[in-house]
Amino acid sequence: MSAAANAWKFPGGPLGKLTAAAEARVRELVPNRDGLEMSAAAAGPAPSFAAALGGGTVAVIAELKRRSPSMGSINEMLDVPARAAEYAAAGAAALSVLTEPSRFGGSLSDLRAARGAVLLPLLRKDFIVDRLQLLEARSAGASAVLLIARALSPERRRALAFEASALGLDVLLEVRDERELEHALRVDHAVIGINNRNLETLVMDDAVSARLLPLVPSDRFAVYESGVKNRHDIERAAALGADAVLVGSSLSAAA
């Protein structure tokens, strides 16, 4: 296959719209660049996200999410501090906090509220496209950030992963095919996320994890993402070699 055929293209569908919206929000942050740099530099240390996944059993990353493009409204009245505390008490290894406002109903205030409620590592789950968002995450108490391979050119992906590490943030690098996984494994220390949902079409395909998880080396943490609802799903993820599962909608919707 030619290099041109493999060239990265800006994503389509919901992922493309969410990525473009993230870039627009970044432009609004530019005037406050110096303030964000100072806030991030002054932020205290955060617990390691990657280290929390190495307990020897399948770790649960419990998510706080009000809504999503695939499901619509999930829990609009979600009490972030209370739910974060419940997740921690129930044994979650880390929390994932949606901060994307337009389609997920999240905000940085949710991330700060979760940090004020628990000592667990926090993943900022958003459509990260720029260093300024990394500074926001660091300032708000995040331990890690999500980078979506399909949403970023390989060059920007590597640069953001490097800048995140320099800021003391772990990276969950999300992939959906062999080529993205190959590139992700070149990013030192990145936790590899395998997403069963195609964010351009919102279609679920469990075969993605079945195909890719066995390809993740044993010295890299791997997270099974999307569609986890019950013990059977977690056992399946474990059998495929996942170190952790990210559980979003089913936990956020639960009473």
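Put the Cα centre of region 156-183 next to the Cα centre of region 1-79 and the gap is 12 Å. Of the accessible area of region 15-79, computed with a 1.4 Å probe over protein heavy atoms only, carbon and sulfur atoms account for 56 percent. For region 123-140, the Karplus equation 6.51 cos²θ - 1.76 cosθ + 1.60, evaluated at θ = phi - 60°, returns couplings of 9, 7, 9, 7, 9, 7, 10, 8, 4, 4, 5, 5, 5, 4, 4, 5, 5, 8 Hz by residue, with Gly and Pro reported as x. For region 1-127, the normalised intensity computed at q = 0.17, 0.19 Å⁻¹ comes to -1.03, -1.16 (log10 of I(q)/I(0), Debye sum over alpha carbons, equal scatterers, no solvent).
For region 148-208, the per residue solvent-accessible surface stands at 44 Å², with DNA, RNA and ligands left out and a 1.4 Å probe.
Could you tally the net charge around residue 199, taking each other residue with its Cβ under 14 Å from the Cβ of residue 199, Lys/Arg +1 and Asp/Glu -1?
Details: positive: 17, 103, 125, 150, 176, 197; negative: 100, 126, 174, 177, 180, 200, 205, 225.
Spelling it out: positives minus negatives among the neighbours equals -2.
Of 9/125; 65/125; 17/125, which ones are farther than 18 Å apart at the Cα? Each step should come with its number before you reach the end.
Details: 9/125 22 Å; 65/125 10 Å; 17/125 16 Å.
Those over the limit are 9/125.
Element breakdown for region 166-215 at a 1.4 angstrom probe: carbon and sulfur atoms account for 50% of the accessible area.
The magnitude of the dipole of the chain, with charges of +1 and -1 set on the Cβ of Lys/Arg and Asp/Glu and taken from the Cα centre, is near 320 debye. Note that region 48-59 has calculated 3J(HN,Hα) couplings of 6, 5, 4, 4, 5, 8, x, x, x, 10, 5, 7 Hz, one per residue in order, obtained from phi through the Karplus relation 6.51 cos²θ - 1.76 cosθ + 1.60 (θ = phi - 60°); glycine and proline are x. The phi torsions of region 28-45, fed into the Karplus equation with coefficients 6.51, -1.76 and 1.60 and a -60° offset, translate into couplings of 6, 7, 3, x, 9, 4, 5, x, 5, 4, 5, 5, 5, 5, 8, 5, x, x Hz, rounded to whole numbers, with Gly and Pro shown as x.
Taking amide H atoms as placed 1.01 Å from N in the peptide plane, the amide H of residue 96 lies under 5 Å from those of 62, 63, 64, 123, each 5 or more residues away in sequence or on another chain.
Per residue, region 18-124 exposes 45 Å² of accessible surface when a 1.4 Å probe is rolled over the protein heavy atoms with every protein chain present.
The values are calculated or read from the model by the stated rules, or taken from the named source; none is laboratory data. Keep in mind it's a predicted model, so treat the numbers as computed, not measured. Virtual Cβ from ideal backbone geometry, glycine too; neighbours counted across all protein chains shown. SASA here: full protein model, heavy atoms, side chains in, ligands and nucleic acids out. Shrake-Rupley method; radii C 1.70, N 1.55, O 1.52, S 1.80 Å.
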